[in-house]
1. Look at residue 256 and say whether it is at pLDDT 95 or above, among the aromatic types (Phe, Trp, Tyr) and not in a helix (DSSP H, G or I).
2. So which residues in segment 125-141 are without any contact (Cβ under 8 Å) to a residue 60 or more places away in the chain and either outside the structural domain of residue 103 (by TED's automatic domain parsing) or touching a helix residue (DSSP H, G or I) at 6+ places or on another chain (Cβ under 8 Å) (or both)?
Amino acid sequence: MPKFQIIFLFYLVIFLSLKPVLNIPGKLRYILGSYTNPPQNLYGAIEAGGTKMVCAVLDPYGNIVFEEKIPTTTPDETVGKMLKFFSPYKLSSLGIGTFGPVDLNPKSPTYGAILNTPKLAWKGFNYLNAFKSLNCPIGIDTDVNASCLGETTFGASKGLSNVIYITIGTGIGVGVISEGKLVHGMMHPEGGHILLKKSEDDPGECICPYHNSCFEGLASGPSLLKRYGKPGNELVDNEKVWELEGEYIAQALVNYIMILQPQKIILGGGVMHQDLLFPIIRRKVAEKINNYLLSKELENLDEYIVPCSLDDRQGILGSFKIGVDKYEEEMAKAEKKN
Ligand SMILES: [Zn+2]
């Protein structure tokens, strides 16, 4: 055998034996893998946002194999593009984490539909009907619950059973896992609209059209813009801005801590890109709890109140997990029947 063929074979054997442990990017791994070990189980995930829909196809371990970002325009146009993305694959399930409010009660006739949204074209839009043609189990939850689940499956809160995920950006949303389960209650938590005490140092007003003094109305990105005439990233050097912002976030966190006793709190969203907020929030949370609660978690607030950890992948990975959980639920049901 010529020498170059022996060398080629040698490297091929080495490569194939190392392939499972190499960190090869998703698409390449899929192409290479399909020659030796065709992927059997693929899962779909959608992180549905007001401006874009992140669509992904993942392997059973949560590695993203294919991904596409589709602008959120009208339901017809957007869903058409999403179906085009997903239909080449035989999906085991589809998991969706969506902006809301959304009907998550499986017994309701409008289960899976977007409810009272300011994005009027999407009001009444039903995800379960829209993706029926993919012919797989569909799991759905809020975008923030998805992010909370993503962090708890793969990230900062991995393995914990009581976790709160808060996004502070254009709006404020709160996802909750309590005793290992995503919390829904009547609908789903609306933790952005808990009522807070307005600070005497606040030169502005609460901008929520529904409430005089709620978390979102006082501390979201748009409320910063309204109060100071500039977005947060142009106010980095203004200490007073972040003391006030930290005050509102700490008030909210202490309320969540007292009721839900989370083992970790994860903060994400555009406003939280200001790293300087974290020490302010931790200091104010400690002051407000005032040693009333004594727990090993609260002894180390640097580990207790943390930024999101998955490079903005927490939403899509959580959506994937929502789909996997739905798939397992359906499998268990089918097994019981047989
Ligand atoms: Zn409000």
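1. no
2. Scanning segment 125-141 gives 125, 130, 131, 133.
Residue by residue, here is whether (1) under 18 Å from residue 257 (Cα atoms); (2) without any contact (Cβ under 8 Å) to a residue 24 or more places away in the chain; (3) surrounded by fewer than 16 Cβ atoms within 10 Å (Cβ to Cβ) holds:
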site	(1), (2), (3)
152	yes, no, no
167	yes, no, no
177	yes, no, no
201	no, no, yes
207	no, yes, no
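The values are calculated or read from the model by the stated rules, or taken from the named source; none is laboratory data. For clarity, every value in this text was computed on a predicted model and none was experimentally measured. For neighbour counting, all protein chains shown are included, and Cβ atoms are generated from backbone atoms with ideal geometry for every residue, glycine included.
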